[in-house]
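Trainee: Sharing a structure with you now.
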Amino acid sequence: MADRPVREQIEICWGERRVIAELLRTNRRALRIDVRPTGEVAISAPVGEEIEEIRGRVHRKGAWIFAQIDTIAQRPEVTPKRRFISGETHLLLGRQYRLSIEQSNDPHVRLEGGRLVISARSTDDQPHCRRLLQAFYTLKAREVFRQRFEVVAEPFVRKGLKRPSLVIRAMSKRWGSFTPSGRVVLNVDLVRASPRLIDYVICHELAHAFFPDHGDGWRSLLKTVMPDWEKRKAQLEGALR
Ligand SMILES: [Zn+2]
């Protein structure tokens, strides 16, 4: 009969960061570290292995563990299913707008007071309405991201960064990235967030031009350029659910 795994907890410390992981004792011989999609950490360790030994081995993986946690934290939340009907609320640049759909032979989208008006050929053609709104969001994203990018890139350019280029596209798993060829890629869906949160993502990615990981160098550069970056990061994680 196999022994039932015994569940314990272990605190993982790395730099100033802490996380409580679930510690599972198993009959496996190797230590295994899992960062789950929820950001929780689970350690499977051989039965009988000393806790200090486990702590030491986990600590050596600290950079990797916290990088995984950060990647998960940056993932966009799944947008609730939208039906593109009048009365539904949609976010744009951090503000909530009520959708209003009207029939028109000149399909377009416009902001009118607190409303987001979709003039559609047919008011109950949801794919048509969705495409119109998506096109509008893409236009807004291009306009706003470019403006913000110019402003946010300035201190990095002063630090010697060659003027970087910006790419805007749909991304399914993250808000932005920094490519090896030196481009900042931003998720078009970020246009739902307020400009200060957009600034944070741009800043986050530009700091990767100097430091590829999220280590101390990266953190201190970010702190210099955007002292309240951690607050913005937390807000971004909560804003677009
Ligand atoms: Zn990053």
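Trainee: For residues in region 58-82 being within 24 Å of the chain's Cα centre (by Cα) and away from the ligand (no atom under 16 Å from the Cβ), which is least open to solvent (accessible area, probe 1.4 Å)?
Mentor: Residue satisfying both the conditions and the ranking: GLY62.
Trainee: Name the residue that is farthest from LEU91 (Cα to Cα), counting only residues in region 103-119 that are under 32 Å from the mean Cα position of the chain (by Cα) and not in a strand (DSSP E or B).
Mentor: Filtering first and then ranking leaves GLY113.
Trainee: All but one of (1) at pLDDT 95 or above; (2) more than 15 Å from the ligand (Cβ to nearest atom) hold for ASN187, so report the exception by its number.
Mentor: (2)
Trainee: If you check LYS231 against the conditions, is it over 27 Å from VAL109 (Cβ atoms) and either surrounded by fewer than 18 Cβ atoms within 10 Å (Cβ to Cβ) or in contact (Cβ under 8 Å) with a residue 12 or more places away in the chain (or both)?
Mentor: Yes.
Trainee: From ARG163, ARG174, grab the single residue that is charged (D, E, K, R) and either closer than 21 Å to LEU240 by Cα or within 15 Å of the ligand (Cβ to nearest atom) (or both).
Mentor: So the residue among ARG163, ARG174 that is charged (D, E, K, R) and either closer than 21 Å to LEU240 by Cα or within 15 Å of the ligand (Cβ to nearest atom) (or both) is ARG174.
Trainee: Still on this model: From PHE178, PHE156, grab the single residue that is more than 22 Å from GLN96 (Cβ to Cβ) and open to solvent by less than 20 Å² (accessible area, probe 1.4 Å).
Mentor: Only one candidate qualifies: PHE156.
Trainee: For region 46-56, does any single residue satisfy the condition of being within 16 Å of the ligand (Cβ to nearest atom) and either open to solvent by 30 Å² or more (accessible area, probe 1.4 Å) or of a type in the set (A, V, I, L, M, F, W, C) (or both)?
Mentor: no
Trainee: Test ARG196 against the stated conditions and say whether it is outside any loop (DSSP other than H, G, I, E, B), over 22 Å from THR38 (Cα atoms), within 14 Å of the ligand (Cβ to nearest atom) and open to solvent by 40 Å² or more (accessible area, probe 1.4 Å).
Mentor: no
The values are calculated or read from the model by the stated rules, or taken from the named source; none is laboratory data. Computed from a predicted model, the values in this text were never measured in an experiment. Cβ atoms come from the backbone with ideal geometry, glycine included; neighbour counts cover every protein chain shown. All accessible areas refer to the heavy atoms of the entire protein, side chains included, with ligands and DNA or RNA removed. Shrake-Rupley method; radii C 1.70, N 1.55, O 1.52, S 1.80 Å.
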